[in-house]
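Readers should treat all values here as calculations from the given coordinates under stated rules, not as data from a laboratory. For clarity, every value in this text was computed on a predicted model and none was experimentally measured. So basically every Cβ, Gly included, is an ideal-geometry build from the backbone, and we count neighbours across all protein chains shown.
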Amino acid sequence: MPSPRTPVPDSADVLVRLRGVHKSFGDHVVLRDVDLDVRSGEVVVLLGASGSGKSTLCRCVNRLETIDSGEITIEGRALPSEGRELARLRADVGMVFQSFNLFGHRSVLDNITLAPVKVRGVARREAADRARELLTRVGLAHKAQAYPGELSGGQQQRVAIARALAMNPKLILFDEPTSALDPEMINEVLDVMTELAADGMTMLVVTHEMGFARRAADRVVFLDQGRILETGTPGSFFDAPRTDRARDFLSKIL
Ligand code: ADP
Ligand code: MG
């Protein structure tokens, strides 16, 4: 069983800060005046109906999308827009998607070592040692030489997590990491994520897995039509949602 976690104190440093963030696609407003702080070591679970803006919010944090107005900072610094600084941002902010996005023609080990060698300039040998360590951590030490196509979905997603960790990110964004998985594989991925949370990784997680949210989240943020409607501890949100929207959302997924 994953170990229990110690809640992150209110005094912990803010790692990611969003203030007054607006984002539209054409005349469709997707994020409205979003204020959010993610503190170092904190696990924030982002909930909301399909189309409420969860993926867009994540993508704005590592600048896969630009914002129209407002401000996003990481460790107090505005997000860079280009060049080396942007590459560093992407290295510092890991992302794990619903679709695992592994390179199919590369071995599991290569998938994990590629970015550290190319982007961080880590020596190949050192990157391979670290990749094996991470594979052990996600329970896949025996799959280092396998190709992604030879793995189950759950195993591929665990490789994707190891790949994100290989960059020593400050934060990992998870966008519905278990939504594409067969039910029997969901827990093996959630267990790895719960371990990461217990180890103090800062995580922003979009998921519909309420069991995970309850056990691993410091805070739950409920997004409705691009606006943050509620934010609270998992206990307060799940047991006593304050808005009709949140109650309605929970009644559909629980
Ligand atoms: P969620 O992840 O909560 O389901 P998204 O952030 O993916 O929501 O999408 C929010 C809204 O923005 C949706 O209405 C979606 O259709 C729209 N949207 C997302 N990405 C784009 C895009 N690249 N171009 C136009 N509309 C988009
Ligand atoms: Mg989404």
(request) On a C-alpha basis, how far is the centre of the stretch 17-69 from the centre of the stretch 74-96 in Å? Whole number, if you could? (result) 16 Å
(message) Taking loop as defined by DSSP and a crowding limit of 15 other beta carbons within 10 Å, which GluC sites (Glu not before Pro) in the stretch 62-160 fit?
(response) GLU75, GLU82
(request) Classify the stretch 208-254 as rounded, prolate or oblate from the Cα gyration tensor: take a ≥ b ≥ c as the square roots of its eigenvalues, call it rounded if a/c is under 1.5, otherwise prolate when a/b beats b/c and oblate if not. (result) prolate
(message) Would you calculate the convex hull of the Cα atoms in the stretch 111-169 and tell me its volume per residue in Å³?
(response) 72 Å³
(message) Whole angstrom only: what separates the Cα centroid of the stretch 97-142 from the Cα centroid of the stretch 152-196?
(response) 14 Å
(request) Describe numerically, in nm with one decimal, the distance between label points set 7 Å from Cα along Cα→Cβ at ARG125 and at SER69. (result) 5.6 nm
(request) With unit charges on the beta carbon (Lys/Arg positive, Asp/Glu negative), name the residue among MET185, ALA123, THR243 whose Cα is farthest towards the positive pole of the charge dipole of the chain. (result) ALA123
(message) Against the empirical 2.2 N^0.38 Å scaling, what ratio does the C-alpha Rg of the chain come to?
(response) 0.99
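Give me D for the stretch 21-102 in µm² s⁻¹, whole number, from Stokes-Einstein with Rh from the Kirkwood sum over alpha-carbon pairs, 37 °C and 0.692 mPa s.
For the chosen part, D equals 236 µm²/s.
Beyond 15 Å, what percent of the Cα pairs of the stretch 140-190 remain? Walk me through the numbers before you get to the answer.
On the way: 599 of 1275 pairs.
Of all Cα-Cα pairs in the stretch 140-190, 47 percent lie more than 15 Å apart.
Given an 8 Å cut-off on Cα distances and at least 6 residues of separation, report the relative contact order of the chain as a percent.
Details: 460 pairs, mean separation 67.8, N = 254.
About 27 percent, as a whole number.
With 10 angstrom as the radius, rank LYS170, LYS143 by how many other C-beta atoms surround their C-beta, starting from the fewest.
Working: LYS170 17, LYS143 20.
If I rank by nearby Cβ atoms, fewest first, I get LYS170, LYS143.
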(request) Starting from the Cα of HIS28, step 7 Å along the direction of its Cβ; do the same at VAL14; then give the gap between the two resulting points in nm. (result) 3.0 nm
(message) What value in Å³ per residue do you get for the convex hull of the alpha-carbon atoms in the stretch 178-241?
(response) 96 Å³
(message) Taking 0.36 nm per residue of sequence separation and subtracting the Cα-Cα distance, how much length would be gained by fully extending the chain between ASN187 and LYS118, in nm to one decimal?
(response) 21.6 nm
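Please grab the % of Cα pairs in the stretch 110-254 that end up more than 21 Å from each other.
Numbers: 5194 of 10440 pairs.
That tail contains 50 percent of the Cα-Cα pairs.
Restricting to bridges with both residues inside the chain, how much of the DSSP beta-bridge set is antiparallel, in percent to the nearest 5? The partial results should precede the final answer.
Working: 20 of 36 bridges.
Roughly 55 percent of the beta bridges in the chain run antiparallel, per DSSP.
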(message) I'd like the Karplus ³J(HN,Hα) series for the stretch 211-227: coefficients 6.51, -1.76, 1.60, θ = phi - 60°, whole numbers in Hz, and an x wherever there's a Gly or Pro.
(response) x, 4, 4, 5, 8, 10, 7, 7, 8, 10, 10, 9, 9, 9, 6, x, 10
(request) Have a look at the stretch 1-150 and give its Rg and Dmax from the Cα atoms, expressed in angstrom. (result) 18.1, 50
(message) From Cα pairs below 8 angstrom and at least 6 apart in sequence, can you work out the relative contact order of the stretch 30-175, rounded to a whole percent?
(response) 28 percent
(request) Quickly rank 95-107, 181-193, 210-222 as a protection proxy: mean count of other C-beta atoms within 10 Å, highest first. (result) 210-222, 181-193, 95-107
